[in-house]
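Structure first, commentary second.
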Amino acid sequence: MRPWEYNIRKVVPYTPGEQPKEAGVIKLNTNENPYPPSPGVVEKKENLEQLRLYSDPTAGELVRALAGYHGLDEDQVFVGVGSDDVLAMSFLTFFNSDKPILFPDITYSFYDVWADLFRIPYETRPLDTSFELNPSDYEAGNGGVIFPNPNAPTGLAAGLDVVRDVLEHNRDVIVIIDEAYIDFGGESALTLLQDYENLLVVRTFSKSRSLAGLRIGYAMGSTRLIKALNDVKYSYNSYTMNTPSIVLGVESVKDEAYFRDTIARVVRTREWFEQELTRLGFSYPRSSANFVFATHESVPAKEIFEAAKKEKIYVRYFDKPRIDNYLRITIGTDEDMRTLVSFLGKII
Ligand code: PMP
């Protein structure tokens, strides 16, 4: 190592899912929505003259739209560049204790990366053999708690009783529920916001709103939490949200009918696909998300993953303890899923 290299902050980065460049790919590896964004978003003509100016540092229009949508006050909503940005900012803001933060051993694989980046001590708590989270694993003596609900990459939702139990035992630290997939199933913790000032609920436009490319995420919580997040944000980068994201994000929030319709389509396809997986000898935790986490009784997941890729069908495989015989398969269009099922039928 060069002497100056000792001063470099060393981290093992998160590995995002592949974004293949080749044509004709069936892309079921990063939980995007197979349907286009709402017609209002697609039609909105951007006023390019506006781009000469800095964007609104408060992203006020979008904050107002989201507050109205969820029946919250504007000072209870924080927006950021995808929920990854909101979550990273939340780690930096809220997890500032010498005690370890807690999250499940099988979960969103960015959590330990942020913890390492920000020098936050952490411990994982094993999910049980059915991938269920046991709330008694999260009792006191920690610097905060975070988990996704529904969980990723399992797709399994924890009941609101579990979330409430974790909150009851963690009144003195901040509890973050990452609801990236909540629109596809499960019970939101939003109803608990009025009872717990230390609860932060994080959402994204990337999955259920078909806007992964715009990069919009948001957090909801008490005014105290949102103020703390804004203080850190304005100490780091004031103009996180670009103008097109603010304007088009608002358009998306306006079209509730389209939003509900595309979610219902994804859920219908998921239910059909789960039946097909069962027929083919796969098992999986019942999904409440826009993906299914499946393992086969005899064919190794890695083999299926590699063979599928050769057929230009991309799914996600994690070479990690406990889950290295599973595939995480995003729900695509009916046609995508029929192609996948016929491929699986052949390989199995
Ligand atoms: N949380 C979870 C659980 C996720 O799976 C993802 C998607 N990778 C995110 C957050 C981040 O999504 P985005 O930054 O696109 O909002």
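Amide H contacts for Ser210 (H built 1.01 Å from N in the peptide plane; partners 5 or more residues away or on another chain; cut-off under 5 Å): Asn33. Summarised as an ellipsoid, the stretch 161-307 has semi-axes of 33, 22, 16 Å, derived from the eigenvalues of the Cα gyration tensor scaled by 5 and square-rooted, with the largest first.
Quick one: go through the stretch 209-229 and flag any residue whose amide nitrogen is under 20 Å from the point 7 Å out along the Cα-to-Cβ line of Val11. Inside the label zone: 215-219, 229. Only Cα pairs under 8 Å and 6+ residues apart enter the sum, and on that basis the relative contact order of the chain stands at 24 percent. A dipole drawn for the chain from +1 and -1 charges on Cβ atoms has a positive end, and of Phe94, Val166, Gly80 the residue lying farthest that way is Gly80. A convex hull fitted around the alpha carbon atoms of the chain yields 163 Å³ per residue. Accessible area per residue for the stretch 39-255 is 42 Å², calculated with a 1.4 Å probe on protein heavy atoms, without ligands, DNA or RNA. Largest mean-square fluctuation among Tyr234, Tyr35, Tyr314, in a Gaussian network model of the chain whose springs join Cα atoms under 10 Å apart, belongs to Tyr234.
Remark: spin-label model distance Tyr236-Glu297 equals 4.8 nm, labels positioned 7 Å along the Cα→Cβ axis.
Charging the Cβ of each Asp and Glu at -1 and of each Lys and Arg at +1, and nothing else, the dipole of the chain about its Cα centre rounds to 940 debye.
All distinct Cα pairs of the stretch 225-291 go into the 1/r average, and the inverse of that average, the Kirkwood radius, is 15.8 Å.
Here the stretch 202-348 is assigned +1 on the Cβ of each Lys and Arg and -1 on the Cβ of each Asp and Glu. Its dipole about the Cα centre then comes out at about 400 debye. Model label sites at Asn96 and Trp272, defined 7 Å from Cα along the beta-carbon direction, differ in position by 5.1 nm.
Per-residue 3J(HN,Hα) values for the stretch 317-331, derived from phi via the Karplus relation 6.51 cos²θ - 1.76 cosθ + 1.60 with θ = phi - 60°, read 10, 10, 8, 9, x, 6, 10, 7, 10, 10, 10, 9, 10, 5, 7 Hz in sequence order (x marks Gly and Pro).
Helical content of the chain, expressed as a calculated mean residue ellipticity at 222 nm, amounts to -10000 deg cm²/dmol (DSSP H runs of 4 or more residues, -39,500 (n - 2.57) each, divided by residue number, nearest 500). Highest mobility in the GNM of the chain, judged by mean-square fluctuation with C-alpha springs under 10 Å and restricted to Glu311, Glu18, Glu49, is found for Glu49. What the Cβ-Cβ distance of Thr58 and Glu256 gives, at R0 = 41 Å and to the nearest 0.05, is a FRET efficiency of 0.95. For the peptides 4-12, 82-90, 318-326, 280-288, the ranking by mean Cβ contacts within 10 Å, running from highest to lowest, is 82-90, 280-288, 318-326, 4-12. Between Glu311 and Leu48, the distance separating the two model label sites (each 7 Å from Cα on the Cα→Cβ line) works out to 4.4 nm. Applying both filters, DSSP loop and at most 15 other Cβ atoms within 10 Å, to the chymotrypsin sites (Phe, Trp or Tyr not before Pro) of the stretch 88-186 gives Phe118.
Here's the picture: charge each Lys and Arg Cβ at +1 and each Asp and Glu Cβ at -1 in the stretch 193-348, and of Leu225, Thr339, Thr278 the one pushed furthest to the positive end of that dipole is Leu225. The DSSP beta bridges internal to the chain are antiparallel in roughly 50% of cases.
Calculated translational diffusion coefficient of the stretch 178-255 (4 °C, 1.567 mPa s; Stokes-Einstein with Kirkwood radius over alpha-carbon pairs) equals 93 µm²/s. Springs between Cα atoms under 10 Å define the GNM used for the chain, and in it the highest mean-square fluctuation of Gly249, Gly71, Gly155 occurs at Gly71.
The values are calculated or read from the model by the stated rules, or taken from the named source; none is laboratory data. Just so you know, these numbers come straight off a predicted model, no measurement behind them. We place every Cβ from the backbone using ideal geometry, glycine too, and count neighbours over all the protein chains shown. Just so you know, the surface numbers come from the protein's heavy atoms only, side chains and all, with ligands and any DNA or RNA stripped out. Shrake-Rupley method; radii C 1.70, N 1.55, O 1.52, S 1.80 Å.
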